[in-house]
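What follows draws every value from the coordinates through simple rules; no lab data is involved. Small disclaimer: the values here were computed from a predicted structure and weren't measured. No Cβ is skipped: glycine too gets one built from the backbone with ideal geometry, and neighbour counts run over all protein chains shown.
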Amino acid sequence: MNLDADVLATVFVGLMGLAILVYAILDGYDLGVGILLPVRADQEADRDTMIASIGPFWDANETWLVLAVGILLIAFPSAHSLILTQLYLPVAVMLAGLILRGVAFDFRAKAALDHKLAWDRTFKAGSLITTLSQGYMLGIYVTGFQWNWANQLFALIAALGVSVAYSYIGATWLVLKTEADLQRRAVQWARSAGRITFLGVVSVCLTNLWVNPHVFDRWLQMPLAMFVLLIPMLCFLALLGNDMLLKRLPKAGDRHCGVPFALVILVFVCCFSGLAFSFFPEVVPGQMTIWEAASAAESLQFILIGALVVIPAILLYTAFSYWVFRGKTTELHYH
Amino acid sequence: MLETLLFSNLLSDTLMLSRIQFAANISFHILFPTITIALCWILLYFKVRFDLSGNPVWMRAYRFWVKVFALTFALGVVSGITMSFQFGTNWPGYMETVGNIAGPLLGYEVLTAFFLEATFLGIMLFGIKRVPNRVHTFAALMVAIGTSLSAFWILSLNSWMQTPTGFEMRDGVAYPTDWWAIVFNPSFPYRLAHMLIASGLTASFLMAGISAYRILKGDPKQAPRVALRTGLAIAAVLTPLQVFVGDLHGLNTFEHQPQKVAAMEGVWETENGAPLLLFALPDEAQRRNHLEIPVPKLASLILTHNPDGEIRGLNEFEGNHPPVAPVFFAFRVMVGIGLLMLACAWVGSWHLWRNRVSSPWMLKTVVAMTFSGWIATLAGWYVSEVGRQPWLVTGVLTTADAVTPVAPANVGLSLLMYLALYAFLLLAYLHTIRLMARKAVQVEEFETAEIVHFTEGAKA
């Protein structure tokens, strides 16, 4: 196997995109569950179930973020440096959020009983800090690191939008994994979050077309437009269909309890494809393409061989883990 | 006066702040992997012993320690994620210069180690009732392999930064020429072995210490006694091994990074028959030591296996050697703790073997040594990493050339945030471990279900 640098750069941007998408879906739902955590003292049973539903998975989910940043660092080192120095403070804030929620998860189960509520609140706060800073960074990133007030406003809206989208997927995860009263409330959460997500997606689409003329041209260029416009259509259909379905959940025998989660994954895939289509091949919008940023072919070659062997294995044992913990969430014991 | 000057300089300097932040991050981070790398293998041992004998005492020991493991692992994961971002936020020059080499090594760590340990950890911690027992033991094995693989890759990269090989420089950027030479660079096997054994010692003293604490608090059960015996036995085997491997590692450093060894030994002028300094105050301004307590010719004997062997002094490397005092003292702390460990492990094991019951003074000594592994590991890493200065990658890139252009105020802000967070988390961790030990004292010896299982196991 001997691929030239340009092909390798394309392969790696594809892998990075896959890692980011999988991260947004997987850590998305567990961050969302964190945001939705009720914090009244008498709601401890709900919190236990909700946290139990993500317990076996959150750690592996977060690893996709490390992989995404890892690929950025391995394949596009100069873009990695540029992006992370530009986003210095929001990255630090996100890391603090990730640290807080990660440790709160373990401390809550082991601390004295009177501290458990405090750790649960820490878990919620950490989740929210993480999603807000991720959304803020996404907003700053797509507007090409311009620090004027309009972009700041856009980034703040993106921060809220991403947090709501994560809550949306988190709520549908709970519809899938929980029962009875908690499930009914999760259905309500999912409906509200879905509607706000709809508004968010529309406004991001319009802003993107409005501030980036070349993105506008690319989306509306015939005949490609006939195909790519399927992406937003599919996205809106999924959002609409989900809203209608959620109205009728839970059904007898808990039928279709997994469909909302699947539909939200479809929404995430559409949004992600839309963003990718808008900016490819730029790794930093308006500043740097993947070919300018790519590292040496011999390094990419070396890691690609490993990745091709290992990534299928990762997907296999990840699937195995989800299969082991299939069905409704039961109480979580560190045996 | 000097201190205020130094302090104001520090605050205005992105390089120094970034170095402090990275040191704080990595020091905090290493506390947790250094426990989990080895603790996971010990857990696997408990689990396998239980599978083979059916004796519930092994399961009891497993259950207590798997909780400690889960908490420690979580702290390791979250502090590790921070590290992966800091390469970009604080050391952009690092990836720009040696990214072609560091990138793939880090990538292999994520691909082969992180996913493996994180995914099977879920099954190991929460899946015991959902999968057959063998699959559960297999999950524990996968987590153990994952954590060790992680150590493999990250130590390979660290060693490459110390002793880089297998690359060429083109236009100021390193390009790989021989991956085998990069991964298995000259200092890697020694550093890996030294670190894995350090992890074994940290975990075994933690286990012995907390078990001794439980027994002192009146825990009548068998499980802490089994864990105490296991911890001390592992420590008794590993301490002499660590002395041997540490010596080999030192010889390797002497060959490839003589300036680091000169700082460790406090040797200023090149000397034949250099003494081993038990204590001294190195003075970099006057380039000499004060208050030396020497053992004649011993340093030469250890490093060259010849009492009159030559040790090259720091003055041969002027302007190109690490700050002397931190390396010199950290080395003595590491060796000192190592000797205490040796004494404690051997006396303790001998005592347990001879008397079968543990005396309070011995238990108290073991409790005092609970976190000795942390101190020795940190001291060892300071020797290694401060000893690499002024280079980030020896002979290729200096630390100063790699630092971020971010404003010092921003770095100061993030540093303060991290320090506050880490101090809080460390306290919470220690407090929770103590609490878990105390709670465990109250638990009944076995639940009825376990005893039924045991008698069935015994019949079979």
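Sorted ascending by nearby beta carbons within 10 Å, beginning with the fewest, B:E265, A:E292 become A:E292, B:E265.
Mean sequence separation of contacting Cα pairs (under 8 Å, at least six apart), scaled by the length of the stretch A:5-324, corresponds to a relative contact order of 22 percent.
Take every pair of alpha-carbon atoms less than 8 Å apart whose residues are at least six positions apart; their mean separation over the length of the stretch A:188-272 yields a relative contact order of 35 percent. For the stretch B:62-90 versus the stretch A:50-101, the spacing of their alpha-carbon centroids is 13 Å.
In summary, chain B shows an alpha-carbon radius of gyration equal to 1.05 times the 2.2 N^0.38 Å reference for compact globular proteins.
This ranking places A:Y88, A:Y168 by how few other beta-carbon atoms lie within 10 Å of each, fewest first, which gives A:Y88, A:Y168. Our compactness index for the stretch B:292-363, the C-alpha radius of gyration over the empirical 2.2 N^0.38 Å, is 1.71.
For the protein assembly as shown, the calculated P(r), taken from all Cα-Cα distances in 20 Å bins from zero up to the bin holding the longest distance, is 15, 46, 32, 7, 0 percent. Each Lys and Arg Cβ is given +1 and each Asp and Glu Cβ -1; about its Cα centre, the stretch A:189-281 then shows a dipole of about 360 debye. Using the Karplus relation 6.51 cos²θ - 1.76 cosθ + 1.60 with θ = phi - 60°, the per-residue 3J(HN,Hα) values for the stretch B:302-314 come to 5, 7, 10, 6, 8, x, 10, x, 8, 10, 6, x, 4 Hz, with x marking Gly and Pro. Where the centre of each part is set by its Cα atoms, how far does the stretch B:93-128 sit from the stretch A:147-214, in angstrom? Result: 30 Å between the Cα centres. The helix-based estimate of mean residue ellipticity at 222 nm for chain B, built from -39,500 (n - 2.57) per DSSP H run of four or more residues and divided by its residue count, is -24500 deg cm²/dmol to the nearest 500. Taking a ≥ b ≥ c as the square roots of the Cα gyration tensor eigenvalues, with a/c under 1.5 meaning rounded and otherwise prolate when a/b beats b/c, else oblate, which class fits the stretch B:124-268? Note, shape of the stretch B:124-268 comes out oblate.
Placing unit charges on the Cβ atoms of the charged side chains and taking the dipole of the protein assembly as shown about its Cα centre, the candidate lying farthest along the positive direction among A:W149, A:L8, B:S300 is A:W149. Its Cα centre serving as origin, the stretch B:246-332 has a Cβ charge dipole (Lys and Arg +1, Asp and Glu -1) of approximately 180 debye. Helix A:88-110 and the longest principal axis of the C-alpha atoms of chain A enclose an angle of approximately 30°.
So which DSSP H runs in chain B come out at 20 Å plus along the axis (Cα) with average Kyte-Doolittle of at least 1.0? TM-like helix candidates: B:14-31, B:33-53, B:188-216, B:324-355, B:408-442. By the Cβ distance rule of under 4.7 Å, the protein assembly as shown has these cysteines without a partner: A:C205, A:C257, A:C271, B:C40, B:C344. Rg/Rh for the stretch A:5-324 (Cα atoms only, Rh after Kirkwood) is 0.97. With all pairs of different C-alpha atoms in the average, the Kirkwood value for the hydrodynamic radius of the stretch A:110-188 is 14.6 Å.
Sorted ascending by nearby beta carbons within 10 Å, beginning with the fewest, A:Y141, B:Y62, A:Y322 become A:Y322, A:Y141, B:Y62.
From its DSSP helices (H runs of at least four residues, each -39,500 (n - 2.57)), chain A gives a residue-normalised ellipticity at 222 nm of -27500 deg cm²/dmol. Decide, for the stretch A:250-303, between rounded, prolate and oblate: order the square roots of the alpha carbon gyration tensor eigenvalues as a ≥ b ≥ c, take rounded if a/c falls under 1.5, and otherwise choose prolate if a/b is larger than b/c, else oblate. Judged from the Cα gyration tensor, the stretch A:250-303 comes out oblate (a/c at least 1.5, b/c at or above a/b). When the Cα gyration tensor is reduced to axis lengths a ≥ b ≥ c, the ratio a/c is 1.5 or higher for the stretch A:1-130, and with a/b above b/c it is classed as prolate.
So if the hydrodynamic radius of the stretch B:249-325 is defined as the Kirkwood radius over C-alpha pairs, what does Stokes-Einstein give as its diffusion coefficient at 37 °C and 0.692 mPa s, in µm² per second? Answer, rounded: 270 µm²/s.
Rounded to the nearest 10 degrees, the inclination of helix A:149-177 to the longest alpha-carbon principal axis of chain A is 50 degrees. Amide H to amide H distances under 5 Å link B:L392 with B:L397, B:T398, B:T399, where only residues 5 or more positions off or on other chains count and H is placed in the peptide plane. Pick out, from A:S53, A:L100, A:A313, the residue whose Cα sits farthest towards the positive end of the charge dipole of chain A, with +1 on the Cβ of Lys and Arg and -1 on the Cβ of Asp and Glu. The Cα lying farthest towards the positive end belongs to A:S53. The long axis of helix A:58-75 is offset from the longest Cα principal axis of chain A by roughly 10 degrees. Projected over every direction and averaged, the convex hull enclosing the alpha-carbon atoms of the stretch B:58-181 yields 9.1 nm². Here the Karplus relation 6.51 cos²θ - 1.76 cosθ + 1.60, evaluated at θ = phi - 60°, turns the backbone of the stretch B:396-403 into coupling constants of 10, 8, 8, 4, 4, 6, 9, 6 Hz, with x for every Gly and Pro.
Rounded to the nearest 20, the size of the Cβ-charge dipole of the stretch A:5-324 about its Cα centre is 880 debye, with Lys and Arg at +1 and Asp and Glu at -1. Per residue, the average separation of C-alpha pairs within less than 8 Å and at least 6 apart gives chain B a relative contact order of 21 percent.
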